[in-house]
Structures are given as structure tokens and as C-alpha cells.
Amino acid sequence: MPFASDCLDTLGVSPRRLRTISLGQCTCTTVQLELVDPRTGEPLNLNLYYRPESSSSSLSSSSLAPGFCGAPVLDEDGNPKNYVEVVGKGLSSDFQFAFAIKASIVDAANGIINIPFDPTDSQFAGVFISMAIIWENGIQRKHYPFYTDITPNVLSYNPHGPLAFYEVRMALRDVSPELNFLIDELEYKDEELMWAMRRPIDYWNEIPPPVGIFSPANFPYRYHWLEAVCGELMRMVAVWLRRNDLDYQAGGVSVADTKKWPEYARMADQRINDWRQFVRAKKIEVNIQNAYGSLGGYPSEYLH
């Protein structure tokens, strides 16, 4: 069906997609990332920010720049001048990074880097807001945002068990293109799943009373969290289908393959409203529990 191919899959091939990376908790692995500006879809040419003094040739996998590959160019005080730093946080307000790693270059002209994670960098599971920072002569030149998904490891201690994106796909039965035979593509992209997994946590943190601040790495109420994530994704699709709603006729056949937006909106509203009711009820419960306490002392019989 040409309409589905031309329209329904447009988001999936857009170069403006926010990039994502995934790895397992407490693993030692190297993950490749393409630095692309989500506003323009243009890859970053790292040659613009680092020019080797000893050679005028461009950086490549065969000519790795010391400023990006574990042996940074140093100034007179021994501080690195040129490198790519990759950082991640659970919340923007966190004082500490979940990880901060110096990356190495694979393809400078196309902005492709390798990020070496060790078990300390990947010790916490969850979806982290991340950024690649381009440093030149000690100055931040460019910021490239992306998401990092660290999948929970059952061998590690996860007191609350953060959600994994494959659990969200299972809840929506969006696990393979073959199952979506109308559009022949996954309905939700990885970056959309990761965005939606973070959004209910933002709601919890902002709704009074402030009885607990959580991140996607430690939120404890997994059932309601998953329902809220599904609701956010359905609302996203409803908005998109409504924006592209256009009935047309061709060859005597009427097509209205974007008319499902009211159904998506209805399912989204139900799940999101249930989530909001749960948040209010749970916060009242936690707030009441926090109002009770106990005083230590000796039993009364010792006072006679």
C-alpha cells in the first residue's frame, strides 16, 4: 500500500531522530554512536573541531586522533584540550553523572564514535538522558543529546527493578514488523519508548506532596508505571494520526488508514487518568505513613 509506505513509516527513516544506545547492566562493552543533530539531521564532522598539528589529513579509523582516543592532546598544565566526552544522568537535577566516558573516533567525517563502558559505568539500570560533548582547547563546542538504555541484569541488585524497553514492547505487542502487517514496521521507535518511559516519572516528581523523588533507575511501582508508559505512547500516536488524518480515494477504493486516532486517544486517556489517580492516592498514603514515628526509651517496668 503506497500510502502506508510513504506516510506511516516516515518517522522511522527520518534523519532527525534522537539517537539511542543500549547495553546490559554491569557489562564491559563498547557501543557505537552516530553524532547527528536532531534538529537538522546532519552528522557532525569532527574534523572541524580537531586538526592534528603533525598532519593535515582528515581523521579516520586508520588515522586516529590522539585528542579523541585515550591519549588526549594536553596543554602546558597537562590538561586535555580536545576530546569527546559522553555523560549520562538519571535526572537533569542530579549532581553526579551516572557515567562520564571519553570516547574514541571511528569515522570523524560522519561523527561516528565508540563509547567504552566498563561495569562501573553501567552499574545502574534504567533509561538515562545522555549527551556527547565536543571539547576543543578546553571549551565546549557542541552538545549532542541522546538516550542510553541500560537493561536490568538479574545477577545485579535491583531493589525496584527498572522497566526495560522490551517489556513495553511486549505490553503493546509491538515486538516485530511481521506482526504489524498493515504498516510492516515497528510502530514505536526506540527513542519514543525511552522518552515515554521517563515521562511518568517526571509527573510523579512534580505532583505534590514531594514525598519522594525518583528516576527511571529506581522507581518502585512497576505495574502502574508500565500502564502509564503505554498511555503516553498511545497519546503520541493519536496526535500523529490526527495531524496526518486524510481520507482519499484511488481507483474506486476509499482509504482511511489514519482514522484510528480517536481509539488511540481514548485508550491513552484511560491509562493516563488511571496513572494520575494512582499517583495521587499513593502520595497521600506515603505522606500519612511519614507522619507517624516512634520514640525510643526504657520499658515502663524499669521506671518503677
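Laboratory data are not the source of any read-out in this text; all were calculated from the coordinates shown. What you see is a predicted model, and the numbers here were worked out from it, not measured in a lab. Here the Cβ is made from the backbone with ideal geometry for all residues, glycine too, and neighbour counts use every protein chain on show.
Rounded to the nearest 0.05, what FRET efficiency do residue 273 and residue 118 have when you use their Cβ-Cβ distance and R0 = 51 Å? Here the calculated transfer efficiency is 0.75. Spin-label model, residue 189 to residue 94: label points 7 Å out along the Cα-to-beta-carbon direction sit 2.4 nm apart. Between residue 85 and residue 30, what length in nm is gained on full extension when 0.36 nm per residue of separation is reduced by their alpha carbon distance? So the extension gain works out to 18.4 nm. For the peptides 146-155, 262-271, 183-192, residues were scored by their other Cβ atoms within 10 Å and the scores averaged per peptide; the highest-first order is 146-155, 183-192, 262-271. Where does the charge balance sit around residue 178 when Lys and Arg score +1, Asp and Glu -1, over other residues with C-beta under 12 Å from its C-beta? Every neighbour counted, the sum reads -2.
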